[in-house]
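For reference, the structure discussed in these notes is given below.
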2 protein chains.
Amino acid sequence: MPRPIRFNAFSMNAASHQSPGLWRHPRNTSVAFNRLDYWTDLARLLERGLFDALFIADVMGIYDVYQGGPEAALRGGVQVPVNDPLLLVPAMAGVTEHLGFGVTFSLTYEHPYPFARRMSTLDHLSNGRVGWNIVTGYLDSAARNLGLARQLGHDQRYDLADEYLQVLYKLWEKSWDDDAVLLDRESGRYIEPSRVHPIGHHGEHFQVPGMHLCQPSPQRTPVLFQAGASARGQAFAAEHAECVFISGPTPTVLRRYAEGVRQASAAAGRGPGEVLIYAQALLIVADGQEQAQARFAEYRSYVDLDAALALLSGWTGIDFAGLDPDALIEYVENDAGRAALAAFTAADPSRQWTVREAAEFIGLGGRGPVLIGSASEVADQLERWIDQTGVDGFNLTYAVQPDDLSNVVELLVPELQRRGRYPLTYAEGTLRHKLFGQGDRLPEQHAGRKVRI
Amino acid sequence: MPRPIRFNAFSMNAASHQSPGLWRHPRNTSVAFNRLDYWTDLARLLERGLFDALFIADVMGIYDVYQGGPEAALRGGVQVPVNDPLLLVPAMAGVTEHLGFGVTFSLTYEHPYPFARRMSTLDHLSNGRVGWNIVTGYLDSAARNLGLARQLGHDQRYDLADEYLQVLYKLWEKSWDDDAVLLDRESGRYIEPSRVHPIGHHGEHFQVPGMHLCQPSPQRTPVLFQAGASARGQAFAAEHAECVFISGPTPTVLRRYAEGVRQASAAAGRGPGEVLIYAQALLIVADGQEQAQARFAEYRSYVDLDAALALLSGWTGIDFAGLDPDALIEYVENDAGRAALAAFTAADPSRQWTVREAAEFIGLGGRGPVLIGSASEVADQLERWIDQTGVDGFNLTYAVQPDDLSNVVELLVPELQRRGRYPLTYAEGTLRHKLFGQGDRLPEQHAGRKVRI
């Protein structure tokens with residue numbers, strides 16, 4: 001029996017995430033992102049479609065590399081305004097029972113002690129349905145507003161991240177024994193003090209002598225997401241990540257990424273079933289190919305190229321304003337931009353991209369493919385991509401909310417179910433147990449279980 | 001016509017807030033605080049009772065002063081485990097329409113730039129129903145885990161707080177013009193860049209050159225709560241706070257506090273209607289006096305004196321373990337403990353307290369009075385306290401959840417309404433407009449409106 005195809009949804013607490021300009025589409029409701037019901041409606045839709053999780057991206061700065069300032073990003077609403085992603089989870093958890101939530105949080109911006117408490121709180125409130133997308137931040141504009149002269153260097157950020165995770169693992173996994181909470185109304189003992197341990201962390205970046213403030217939550221450590229494509233990011237993911245999100249324009253590119261992830265994970269001593277890989281994609285599903293193509297053409301007419309270049313410039317740290325739009329993009333060794341540029345150039349030697357082509361490409365669906373057609377046609381394509389790349393599923397972005405994801409749920413999911421390539425129901429239990437079927441906790445051999453206090 | 005009496009509820013994202021030991025009471029559901037429906041049920045109850053807001057306290061450390069360690073606090077579950085308070089708001093906002101939410105957040109523990117975004121996000125999601133209880137932190141155990149050798153000195157904390165608020169006001173009030181967001185689908189302009197301003201803050205503690213990340217929320221600045229009783233805390237409140245929470249055991253003590261708040265506020269140039277004062281109280285309302293007294297006696301039997309002393313020691317920074325339980329408490333000039341001790345001693349010269357009496361007193365309802373009786377009898381007492389103290393309302397804590405607040409809502413509120421001393425319905429609009437009837441924004445003469453960028 002073929003492997004099931006997994007779906008994850010990809011969004012941001014902003015009106016414009018991966019499709020610059022599409023907020024103008026008359027049916028797009030994304031400018032209502034400030035409202036709670038926008039998110040609770042989305043959560044209900046995704047749960048109806050048996051999605052694994054909603055993955056919420058985040059930045060804490062403005063895209064101000066393009067043309068040397070924030071004007072283009074502001075004009076085009078490029079990931080601005082952008083609200084806090086963590087605060088969406090409790091409301092969505094309240095209207096769903098199974099859907100998971102993967103929240104992006106950059107560990108260079110907050111001390112691990114309060115962050116550990118935030119995530120434990122979310123894991124409690126959602127009954128074990130929280131994931132954390134570990135990022136280290138890439139916008140200098142964010143770093144500056146936090147009092148840093150500039151972003152830390154890429155490798156430095158990952159060194160900091162390693163220690164940050166050590167602190168979190170100690171708090172989440174080791175500070176409270178499973179049987180620490182007695183709730184013994186007779187003896188008056190709420191907690192057995194000898195079963196709660198100060199972590200005594202004294203590291204290069206952090207001093208955290210004390211105990212965790214929360215009792216163990218259903219998963220203890222949230223499901224760990226990672227999306228880094230750099231060498232250091234992949235090494236980090238190999239050790240820590242349980243779900244890895246990759247993006248690239250062709251099966252060849254994705255296959256190479258996916259193989260890299262699996263090899264690195266095996267080299268780090270982890271089992272083959274311990275990492276799930278999702279590839280970013282935009283699916284335009286309609287009743288027939290013709291309608292789908294018409295929708296795609298209509299969407300394209302709303303792409304804002306200036307906004308797309310602001311996005312691309314922010315990702316890469318390179319101001320594309322100075323370049324001839326018809327010049328070919330060359331591969332540039334650059335920390336932040338490596339993933340984006342590699343996807344267009346060196347990683348896919350079969351073609352080259354001009355600046356304009358790249359902007360048009362990321363203008364719809366970000367850095368992944370756009371698959372277009374009837375439910376049956378898109379299902380064919382997904383099966384082919386899965387077979388060619390070896391990924392476990394797709395991280396679905398949208399151009400128009402809620403149409404694109406709602407067509408996936410109403411049209412495509414039933415088609416995949418008929419083919420035996422999609423779950424018919426949610427598994428019970430926490431997000432981790434739903435994903436891996438091995439219980440609520442990190443596997444014994446995971447780095448998070450091996451820390452000592 | 002007599003002034004209406006306002007109710008606010010006082011809780012914490014923990015099982016045991018102000019009544020140490022009462023978590024053991026067989027009808028107390030507070031150990032379910034890890035669950036979302038515990039909070040959504042509470043929010044619905046309070047909205048049915050037309051409460052102004054739910055005020056959520058917080059600490060980010062353990063009460064480890066008593067007996068020189070955390071054991072007593074852990075054994076008795078004294079404000080531990082304690083989860084993040086902000087994350088409760090979105091879920092409760094989703095099931096209510098009018099109730100406000102006052103969240104405690106200590107400004108010594110997070111940079112103002114991400115915090116500004118968190119609060120703007122909550123204000124958007126709740127449609128303008130968010131308040132912020134400004135605290136500066138008082139537990140050394142919290143400071144240590146955030147990498148500080150110890151808590152900052154009390155006055156230093158308020159100096160830092162002044163600059164912190166300057167940064168927030170600049171972001172919330174000045175960074176985005178009212179008409180910055182165009183959402184013009186025709187021209188493709190989401191935002192008019194010239195109407196979004198970097199705040200250019202370069203201060204002693206913070207460097208925040210950039211712009212706010214969120215568009216203006218309904219209230220922009222959340223309603224500002226403050227509960228400080230020290231001289232420096234009162235000066236701070238006089239300039240900033242819109243709702244002030246006080247606590248004391250007698251009308252005489254409360255009257256003196258309330259007069260102090262109003263004088264200081266007037267001296268800071270603010271109008272008499274710009275500050276609302278709530279006094280902490282525990283109300284035990286039953287069908288008759290006898291039943292209420294029986295409930296009070298039953299509650300008292302659950303008070304955990306050791307846990308109460310752990311709480312008192314944490315508040316004051318003084319280890320009460322070494323003291324004779326029958327010794328009289330003397331007034332001690334101590335930053336953190338001033339409020340607690342003053343309430344028992346110097347501020348009320350009419351009586352003195354032994355250590356044991358003080359522990360028993362805070363064992364039920366924290367630092368405020370316990371008013372006991374039928375709805376009619378408690379209503380009489382509240383009217384008398386309001387008339388004698390000049391406060392605007394009460395900040396109601398509980399010993400047993402949900403019984404105590406549910407009796408207030410079901411029995412006492414209708415009685416006060418019959419007397420014309422309680423609202424019959426919510427006013428429309430944001431929390432600030434509901435409280436002051438003067439629109440959504442801070443008043444023109446408030447410090448938050450006067451910052452310049």
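Before moving on, here are some points about what is shown:
- Average beta-carbon neighbours from other chains, 10 Å sphere, peptide A:271-280: 0
- Heavy-atom surface of region A:223-288, accessible at 1.4 Å and reported per residue (Å²): 30
- Close amide H partners of B:Thr354, meaning residues 5 or more places away or on another chain with modelled amide H under 5 Å apart, are B:Ile329.
- Under the combined filter of DSSP loop state and at most 12 neighbouring Cβ atoms within 10 Å, region A:51-110 retains these GluC sites (Glu not before Pro): A:Glu97.
- In region B:104-208, the portion of solvent-accessible area held by carbon and sulfur atoms comes to 44 percent [1.4 Å probe, whole percent, DNA, RNA and ligands not counted].
- At most 15 other Cβ within 10 Å, DSSP loop - trypsin sites (Lys or Arg not before Pro), region A:159-194: A:Arg185
- Take every Cα pair under 8 Å whose residues are at least 6 apart in sequence, average their separation, divide by the length of chain B, and the relative contact order is 23 percent.
- Inter-copy label distances at B:Lys450, shortest first and taken from points set 7 Å along Cα to Cβ: 6.0 nm.
- Residues with amide H under 5 Å from that of B:Ala9, placed H, sequence gap 5 or more: B:Ala53, B:Leu54, B:Phe55, B:Leu396
- Tally of Lys pairs whose C-alpha atoms are under 13 Å apart, taken over the protein assembly as shown, 8 or more apart or cross-chain: 4
- Protection-proxy order for peptides B:61-67, A:250-256, each taking the mean of Cβ atoms within 10 Å per residue, highest first: B:61-67, A:250-256
- Close amide-amide hydrogen proximity is noted between A:Ser374 and A:Ala286, A:Gln289, each under 5 Å apart and 5 or more residues distant or on a separate chain (H modeled in the peptide plane; Pro and chain starts excluded).
- Taken across both chains, chains A and B shield about 6200 Å² of accessible surface from a 1.4 Å probe.
- The protein assembly as shown: translational diffusion in µm²/s, Stokes-Einstein, Kirkwood Rh over Cα pairs, 20 °C, 1.002 mPa s: 75
- Starting from the label point of B:Asp177 at 7 Å along Cα→Cβ, the same points in the other copies fall at 6.4 nm, in ascending order.
- Order by protection proxy (mean Cβ within 10 Å, highest first), peptides B:158-164, A:444-450, B:212-218: B:212-218, B:158-164, A:444-450
- Accessible surface ranking that places the most exposed of A:Leu88, B:Leu183 first, with a 1.4 angstrom probe: B:Leu183, A:Leu88
- Shielding of peptide A:92-101 by partners, expressed as the average count of other chain Cβ atoms within 10 Å per residue Cβ, is 2.
- Buried on assembly, region A:207-228 (at least 30 Å² less accessible surface than by itself, 1.4 Å probe): A:Gln207, A:Pro209, A:Met211, A:Leu213, A:Gln215
- Altogether, the Stokes-Einstein calculation at 10 °C and 1.306 mPa s, with the Kirkwood radius of region A:127-231 over Cα pairs as Rh, returns a diffusion coefficient of 98 µm²/s.
- Other protein chain Cβ atoms within 10 Å, averaged over every residue that makes up A:20-32: 2
- Point-to-point label distance, A:Gln388-A:Arg300, nm (Cα→Cβ direction, 7 Å offset): 1.9
- Theoretical ellipticity at 222 nm over chain B - DSSP helices of four or more residues, -39500 (n - 2.57) apiece, nearest 500: -10500 deg cm²/dmol
The values are calculated or read from the model by the stated rules, or taken from the named source; none is laboratory data. Computed from a predicted structure; not experimentally measured. Here Cβ is always computed from backbone atoms with ideal geometry, including for glycine, and neighbour counts include all displayed protein chains. When the accessible area is computed, the model is the full protein with side chains, heavy atoms only, and any ligands, DNA or RNA have been set aside. Shrake-Rupley method; radii C 1.70, N 1.55, O 1.52, S 1.80 Å.
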